[in-house]
Amino acid sequence: MEIDDPISPSKTSGRQGNSSRPATMTFADLKSRSERGVGLYPRARISTVQSLFESYKDRGYLILAVTLSTYTRSRALAESIQFEMLWTKDFLDRVLRRVPKEFRSGALFDDFTIECCPMGNWHFHGLLAVSPEIAHRIWADGRVNRHLERDLLSFRKKGDYRPCRVNAFEIEPVERVESWVRYIYKSSHDKVDRG
């Protein structure tokens with residue numbers, strides 16, 4: 001569902017006087033910029049993603065923090081489209097399998113980053129916004145849906161088109177969007193530039 005709610009420029013602008021942005025950002029503008037990563041400086045990206053997911057939370061969406069850990073140490077692999085597809089195709093497809101077809105459009109929104117931990121392994125940090133109508137199919141009774149958990153455990157094996165294994169994953173509800181967004185976009189660790 002696209003709703004054009006004006007969001008104050010102070011929440012969406014990383015710098016004052018950036019003439020490439022409209023004076024008022026709408027919800028659709030934020031979503032579009034977040035998906036494309038267009039023209040955003042790191043601070044502006046953090047601000048945009050934070051505003052977007054706080055807006056989802058205000059609309060009643062369940063916000064989940066996701067970490068997918070791999071044993072991958074190769075930067076070349078981490079920068080490849082195949083590695084990114086571990087999130088954009090494999091992970092999101094498994095989540096959407098839990099959603100009835102009539103709810104799939106507008107039911108799930110995501111943002112993620114790929115980073116290298118101090119031990120040298122690459123992993124994903126991300127956020128999912130899940131519509132209230134289907135949230136119970138993803139998260140219920142204080143845990144991930146058992147079918148989704150089983151699907152994600154299958155990532156421990158390298159797939160035919162999956163370049164690596166996911167050795168561990170963690171999914172949990174987010175209480176404070178700002179804290180999690182700042183954590184996943186922290187600059188102290190090496191990141192893959194997706195924008």
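The values are calculated or read from the model by the stated rules, or taken from the named source; none is laboratory data. Predicted model only: the values in this text are computed from it and were never measured. Neighbour counts are summed over all protein chains in view; Cβ atoms, including those assigned to glycine, are modelled from backbone coordinates with ideal geometry.
The conditions are (1) assigned to a strand (DSSP E or B); (2) surrounded by fewer than 12 Cβ atoms within 10 Å (Cβ to Cβ), and E172 fails exactly one of them. Which is it?
(2)
Can you go through R15, R21, R33 and tell me which one is crowded, with 18+ Cβ neighbours inside 10 Å, assigned to a loop (DSSP other than H, G, I, E, B) and modelled with pLDDT under 90?
R21
Hey, among R94, R104, which residue is touching a Leu at 6+ places or on another chain (Cβ under 8 Å) and either at positive phi or modelled with pLDDT of 90 or more (or both)?
Going through R94, R104 in turn, the sole match is R94.
Look through segment 149-169, keep the residues that are closer than 15 Å to C117 by Cβ and buried (at least 18 other Cβ atoms within 10 Å of the Cβ), and return whichever of them is modelled with the highest pLDDT.
F169
Hey, could you check segment 108-127 for residues that are of a type in the set (F, W, Y) and within 14 Å of V181 (Cβ to Cβ) and say which is nearest to the chain's Cα centre (by Cα)?
Restricting to residues being of a type in the set (F, W, Y) and within 14 Å of V181 (Cβ to Cβ), the top hit is F112.
Given the conditions (1) farther than 23 Å from R59 by Cβ; (2) of a type in the set (D, E, K, R); (3) surrounded by 17 or more Cβ atoms within 10 Å (Cβ to Cβ); (4) in contact (Cβ under 8 Å) with a residue 60 or more places away in the chain, which single one is not true for D111?
(1)
One line per residue, one yes/no per condition, for (1) assigned to a strand (DSSP E or B); (2) out of contact with any Pro (no Cβ under 7 Å at 6 or more places or on another chain); (3) within 22 Å of E172 (Cβ to Cβ):
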site: E54; (1), (2), (3): no, yes, yes
site: L77; (1), (2), (3): no, no, no
site: M85; (1), (2), (3): no, yes, no
site: I114; (1), (2), (3): yes, yes, yes
site: G120; (1), (2), (3): no, yes, no
site: G126; (1), (2), (3): yes, yes, yes
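Results for (1) closer than 20 Å to L52 by Cβ; (2) touching a Phe, Trp or Tyr at 6+ places or on another chain (Cβ under 9 Å); (3) touching a residue at least 40 places away in the same chain (Cβ under 8 Å), shown as yes or no for each residue.
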{"site": "R104", "(1), (2), (3)": "yes, no, no"}
{"site": "L127", "(1), (2), (3)": "yes, yes, yes"}
{"site": "R137", "(1), (2), (3)": "no, yes, no"}
{"site": "D141", "(1), (2), (3)": "no, no, no"}
{"site": "R146", "(1), (2), (3)": "no, no, no"}
{"site": "F155", "(1), (2), (3)": "no, yes, yes"}
{"site": "W180", "(1), (2), (3)": "yes, yes, yes"}
